[in-house]
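In what follows, a structure is listed as structure tokens, so that the remarks can point back to it.
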Amino acid sequence: MVRECVRRVGSGYYEAKDGNRHWFQSGYEYERMQALDELGLVWWKNTKLRIPYFFEGRIRQYTPDFFVIGEDGTIYLEEVKGQLTEQDKVKAIYASAFCQKNSVIFSFLRRKELKTHPKDCQMKIETREVRLRLPVLNVN
């Protein structure tokens with residue numbers, strides 16, 4: 001039943017418990033918004049944060065889906081994905097480097113993890129999965 005709900009929801013606005021409206025672009029993002037509200041966490045969608053990364057010969061900008069603050073003050077950047085592409089894996093490498101430099105935790109969440117607390121999500125993308133020579137970019 002959850003799978004049908006996720007497929008039906010495309011994009012629109014989600015009314016958060018704090019009264020703010022957040023734009024979602026997929027059923028997965030919508031489901032994550034609901035979970036973050038149910039967990040009682042402070043969160044934002046579509047932050048102004050841009051992380052530069054290099055893919056297919058160009059420098060691009062990546063914006064994580066969610067900025068979440070845990071009960072203990074830990075900051076999480078989250079990306080919600082149905083499928084992972086090579087480009088997503090490259091984004092994850094640069095996002096992880098940015099997060100390590102800034103004491104932030106980065107996670108790619110798949111469908112089965114959407115209702116999970118951020119502290120229980122681990123980024124499962126290994127840098128060795130991407131067989132590209134990646135230039136070092138200043139991500140601060």
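Read-outs throughout are calculated quantities, based only on the coordinates presented, and are distinct from any laboratory measurement. Since this is a predicted model, take the numbers as computed values, not measurements. When we count neighbours, we look across all protein chains shown, and the Cβ atoms used for this are built from the backbone with ideal geometry, even at glycine.
Counting neighbouring beta carbons within 10 Å and listing from fewest to most, the residues His117, His22 come out as His117, His22.
The 3J(HN,Hα) values that the Karplus relation (6.51, -1.76, 1.60; θ = phi - 60°) gives for the range 72-77 are, in residue order, 8, x, 5, 9, 10, 10 Hz. Gly and Pro appear as x. Among the lysines of the range 31-129, pairs that are 8 or more positions apart or on different chains and have alpha carbons within less than 21 Å of each other number 27.
Extension gain, Arg58-Ser103: 0.36 nm per intervening residue step, less the Cα-Cα distance, totals 13.5 nm. Amide H contacts of Phe106: Leu77, each under 5 Å away and 5 or more positions distant or on a separate chain (H built 1.01 Å from N in the peptide plane; Pro and chain starts excluded).
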